[in-house]
1. Can you tell me the length gained on complete extension of the stretch Arg114 to Tyr255, counting 0.36 nm per residue apart and subtracting the Cα distance?
2. What is the spin-label model distance, in nm, from Asn106 to Thr276 if the labels are put 7 Å beyond Cα along the C-beta direction?
3. Can you put His248, His200 in order of Cβ neighbours within 10 angstrom, beginning with the fewest?
4. Apply the Karplus parameterisation 6.51 cos²θ - 1.76 cosθ + 1.60, with θ equal to phi minus 60°, to every residue of the stretch 102-118 and state each ³J(HN,Hα) to the nearest whole Hz, in sequence, with x for glycine and proline.
5. Using 7 Å Cα-to-Cβ label points, what is the Gln62/Glu93 separation (nm, one decimal)?
6. Hey, got the dipole for the stretch 135-242? About the Cα centre, +1 on K and R Cβ, -1 on D and E Cβ, debye to the nearest 20?
7. With a cut-off of at most 15 other beta carbons within 10 Å, and DSSP calling the residue loop, which trypsin sites (Lys or Arg not before Pro) in the stretch 79-163 qualify? Please list them.
8. Take the alpha carbon gyration tensor of the stretch 181-296, find the square roots of its eigenvalues, order them as a ≥ b ≥ c, and report rounded if a/c is under 1.5; if not, report prolate when a/b exceeds b/c, else oblate.
Amino acid sequence: MSRPLRIVVVWCGLGLLWWAWQQGLLSPSEPVEKIVAQGGPSFTDESISLVPRADVLEYEVQPGDTLEQIASRFGVSLEALVGSNANTLDGLEGVAPGTVLKIVKNGVLHAVKRGQTLTDIARTYGVALSEIIASNGLEDRGYIYPGEEFFIPGAVTSPFFIYLQMAGGKKSLFAWPLRGVISSGFGPRIHPISGEPDFHQGIDIEVPEGTDVYASCAGRVIVAGRHSGYGLYVVLEHSHGYRTLYGHLSEIGVYRGQFVEGGQRIARSGNTGNSTGLHLHFEILQYGRPLNPLALLPP
Ligand SMILES: [Zn+2]
C-alpha cells in the first residue's frame with residue numbers, strides 16, 4: 001500500500017472509531033437508550049397526559065397523620081411512599097395536613113429530571129428498562145419530559161428516601177455520601193504519607209471496607225476510573241458549578257455519562273490509591289475550587 005493511501009485508510013479507521021464511540025457502540029454497558037428528557041411541555045401542561053398506567057391513589061394528609069401510618073394504612077413501604085412523593089415531601093417528618101400524597105402499590109413513582117434517560121432511571125432502581133417501558137406504555141415514544149412521572153414496577157429501593165436519611169431527615173443541597181468518623185478534616189495538614197505540608201482538599205471518613213457510597217446530590221458521572229492518588233474514584237457534576245469527588249473506593253457501580261439520583265449507591269468504599277487506611281475521601285468543589293464539605297453537609 002502506498003504511503004498516502006495508508007494515511008487515508010488510517011484516518012478513515014479513526015473516523016469510524018470516533019463515530020462508533022459517539023453512537024455508544026463501543027460502550028461496554030447495556031445498549032444506550034436514546035430516550036432523553038430535554039425540555040418540552042412542563043408537568044403542568046394539561047394537553048398531555050402524564051398519568052402512568054399503574055393505579056395511582058391520591059391521599060390528602062389529615063391532622064395527626066405520620067408518613068409511617070399512611071404507608072402502613074395503604075400497605076406500602078415507607079421507602080416507596082417517600083420515593084413516590086419526592087417532589088412533594090421536604091423531609092421524613094411533619095408532613096402538613098392538606099398535602100396530597102400519591103400512593104402506588106408494588107413499585108415507586110419516579111419524576112424525571114432534566115437530562116435523565118430511561119436507561120439512567122432503570123439503573124437507579126435496578127429494574128429492567130423493558131419493564132419500565134412496558135408498564136408505562138412507552139413503546140412508541142421517542143422522548144420523555146422532565147417532570148413526567150413513571151411507574152417503576154417492583155422498585156424496592158428509593159434513592160430519595162436514602163438521600164433524606166443521609167441528609168438528616170430533611171432536604172439539603174448535599175447529603176452525606178456515607179456516615180462515619182471524620183479522621184481528617186479540610187484544609188492545611190501534614191500529609192500522612194509524605195510527611196510534608198499539604199492542603200487536604202476534602203474530608204476523610206473512616207468506614208469499613210465495602211461500605212455503600214451514595215451520591216451526595218443528583219448529577220452526572222463525569223469520572224469513573226483510577227488515579228494514582230485517589231485510587232478508584234468517581235466525580236459527579238451537579239448544577240451551579242458543583243462537583244463531588246469520592247476517592248479510595250474498592251468498587252465503582254456507575255459509568256461515565258450516567259445520571260444518578262442523590263442517595264443512589266454509586267460505589268463501595270475501600271483503601272485504593274495513596275491511602276493509609278480504610279476510608280472515603282470526599283470533596284465538594286465549586287467551579288474547580290475545593291470547599292469545606294463540613295460547611296455544606298447537614299449536621
Ligand atoms: Zn483525604
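1. Extending this stretch completely gives an extra 48.9 nm.
2. In this crude label model, Asn106 to Thr276 measures out at 5.5 nm.
3. His200, His248
4. Each residue of the stretch 102-118 in turn: 8, 10, 10, 9, 6, x, 9, 8, 10, 8, 5, 9, 4, x, 7, 9, 4 Hz.
5. In this crude label model, Gln62 to Glu93 measures out at 2.3 nm.
6. Its charge dipole is roughly 220 debye.
7. When the trypsin sites (Lys or Arg not before Pro) of the stretch 79-163 are filtered for loop state and at most 15 Cβ neighbours within 10 Å, Lys105, Arg114, Arg141 remain.
8. It comes out oblate by the Cα gyration axes.
Laboratory data are not the source of any read-out in this text; all were calculated from the coordinates shown. The structure displayed is predicted, hence computed values, not measured ones. Note that each Cβ is placed from the backbone with ideal geometry, even for glycine, and that neighbours are counted across all protein chains shown.
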